[in-house]
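Peer 1: This is the structure, below, for whatever I ask next.
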Amino acid sequence: MSAIQPGNVIVISEHECKEVLTPERVLFLTEQALADYSNGLAVNPVKLHLPLYPENNGWINSMPSWLKRQNVVGNKWINVHGDNPAKHNLPTVVGVCVLNDPATGIPYAIVDGTYVTAMRTGACAAIQAKYMGKKDAKIMTIVGAGVQGNTTMTMAGMTLPSIEEVRVMDIRPEATQRLIENAKKQYPDKKYVAYDDLAAACAGADIVFIAAHGMERVLIDTIELHKGLTVVGIGQWIIPEQRSKFDRVIFDFIDCVVHRANQAGQYTKELYGTPYTVMERSIADGEIGDVITGKAVGRANDDEIVFSFGVGMSIEDIAVAYEAYEKAMERGLGTVVNLFDVGK
């Protein structure tokens, strides 16, 4: 049982999550969750995807999971609405995590999922680069200088200590400069270069992070995929027609990527008549959790061209949300609400 009286729920805000969560712990917890999933110590169903377009430019996902080793259960409810910043002055992504007592199913915590998502997504991208990048990588490029570009920079600085040059490209020059200025404070020993040309930003890079939503397919068809390159997709998977461009493809959760790709393809086909190629599970060579635990081959040599993609797994969110809950309880943070008429 949790420390919260049944019927009560503690609400932990985004501000409080920022106060108690550290990049180092988020990175550790994310990698641990992926390894636990590989070892059968976590249950992570395929996420439930609710498309809201064309009436609304967005969708909502429901993402439950059970971390068996820690006996932690929860669900993340999260949206992606591309028009939010320009039309409503709101973030593109906003989420909430609900933690449930495994023995009773009673919710005991509601934790911000926005900051949790941003941090664990950057961590997952950095972990993929750590295991799929070539040895002693020197140059990395970040395409997209928004929230995910910034958290990826923070995390990759820890997982890729050999990096000497960081290239940043965004269609908003001010966003590029903000990321560079923030990164200089964290990692002052690296060289930072702003780019406004995609091909130039990626030429000769060892690792390219695509943190601009939907840019994966454009980038892959635009730039030269040179030997030794690792492309880490944060927002979108490749399509079957692009598979032959890579020597190796690794996902975090193959079944979920395949399900989401085919669901989206079928939905847009029904709406607009857009043709799509059915994605098969064979598109990927393995999962990053299995690479971490040594059950699957990551990069075989420094010449391979690799694509690694994370669709996002609830186990990462719930591990980090539970960390926020525990730290908030230790510090006396959060607001307790009597939500249910139970246990009385």
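The values are calculated or read from the model by the stated rules, or taken from the named source; none is laboratory data. Everything numeric here is computed off the predicted structure, so don't read it as measured data. Glycine gets a Cβ as well: all are built from the backbone with ideal geometry, and neighbour counts include every protein chain shown.
Peer 1: If we scan region 176-184, do we find a residue that is under 28 Å from Ala300 (Cα atoms), touching a Gly at 6+ places or on another chain (Cβ under 8 Å) and not acidic (Asp, Glu)?
Peer 2: Within region 176-184, none of the residues are under 28 Å from Ala300 (Cα atoms), touching a Gly at 6+ places or on another chain (Cβ under 8 Å) and not acidic (Asp, Glu).
Peer 1: Any idea which of Asp206, Asp170 is of a type in the set (D, E, K, R) and free of Cβ contacts under 8 Å to residues at least 60 places away in the same chain?
Peer 2: Within the list Asp206, Asp170, the selection yields Asp170.
Peer 1: Considering only region 272-286, how many residues are touching a residue at least 40 places away in the same chain (Cβ under 8 Å) and either in contact with a strand residue (DSSP E or B) (Cβ under 9 Å, 6 or more places away or on another chain) or among the β-branched types (Val, Ile, Thr) (or both)?
Peer 2: Residues meeting the conditions: 1.
Peer 1: Out of (1) assigned by TED's automatic domain parsing to the domain that holds Met215; (2) surrounded by fewer than 17 Cβ atoms within 10 Å (Cβ to Cβ), what's the single condition that is false for Ile127?
Peer 2: (2)
Peer 1: Here is a follow-up. Where the second residue is exposed (fewer than 13 other Cβ atoms within 10 Å of the Cβ) and outside any strand (DSSP E or B) and the first is assigned by TED's automatic domain parsing to the domain that holds Lys76 and lies in region 45-62, which pairs have Cβ atoms under 8 Å and are six or more apart or on separate chains?
Peer 2: Taking only residues 6 or more apart or on different chains, the pairs are Tyr53/Leu271; Pro54/Leu271; Asn57/Asp83; Gly58/Asp83.
Peer 1: Collect the residues in region 267-323 that are over 19 Å from Val232 (Cβ atoms), of a type in the set (D, E, K, R) and touching a Leu at 6+ places or on another chain (Cβ under 8 Å), keeping them in residue-number order.
Peer 2: If the condition is that a residue be over 19 Å from Val232 (Cβ atoms), of a type in the set (D, E, K, R) and touching a Leu at 6+ places or on another chain (Cβ under 8 Å), then Glu323 is the only one that fits.
Yes/no per residue for (1) outside the structural domain of His15 (by TED's automatic domain parsing); (2) within 25 Å of the chain's Cα centre (by Cα); (3) more than 23 Å from Lys47 (Cα to Cα):
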site: Asn262; (1), (2), (3): yes, yes, no
site: Pro275; (1), (2), (3): yes, no, yes
site: Gly286; (1), (2), (3): yes, yes, no
site: Gly289; (1), (2), (3): yes, yes, no
site: Ala300; (1), (2), (3): yes, yes, yes
site: Ser308; (1), (2), (3): yes, yes, no
site: Tyr322; (1), (2), (3): no, yes, no
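Peer 1: Hey, another quick one. Hey, can you tell me all the residues within region 287-344 that are surrounded by fewer than 18 Cβ atoms within 10 Å (Cβ to Cβ), under 26 Å from Ile207 (Cα atoms) and of a type in the set (Lys, Arg)?
Peer 2: Lys295
Peer 1: Those residues that are farther than 15 Å from His49 by Cα, surrounded by 12 or more Cβ atoms within 10 Å (Cβ to Cβ) and modelled with pLDDT under 95, I need them from region 243-276; list them, please.
Peer 2: Across region 243-276, the qualifying residues are Lys269, Tyr276.
Peer 1: How many residues are part of a helix (DSSP H, G or I), touching a residue at least 24 places away in the same chain (Cβ under 8 Å) and over 19 Å from Ser314 (Cβ atoms) if we restrict to region 209-263?
Peer 2: Counting residues in region 209-263 that are part of a helix (DSSP H, G or I), touching a residue at least 24 places away in the same chain (Cβ under 8 Å) and over 19 Å from Ser314 (Cβ atoms) gives 10.
Peer 1: Name, by its number, the condition in (1) at negative phi; (2) modelled with pLDDT of 95 or more that does not hold for Gly40.
Peer 2: The one condition Gly40 does not meet is (1).
Peer 1: Can you find a residue that is assigned to a helix (DSSP H, G or I) and in contact (Cβ under 8 Å) with a residue 12 or more places away in the chain anywhere in region 294-304?
Peer 2: no
Peer 1: Quick check on this structure: which one of Thr141, Thr117 is in contact (Cβ under 8 Å) with a residue 24 or more places away in the chain and in a strand (DSSP E or B)?
Peer 2: Thr141
Peer 1: Continuing with this model, one more query. Read through the list (1) in contact with a Leu (Cβ under 7 Å, 6 or more places away or on another chain); (2) not assigned by TED's automatic domain parsing to the domain that holds Pro51, then give the number of the only condition that Ser162 fails.
Peer 2: Ser162 satisfies every listed condition except (1).
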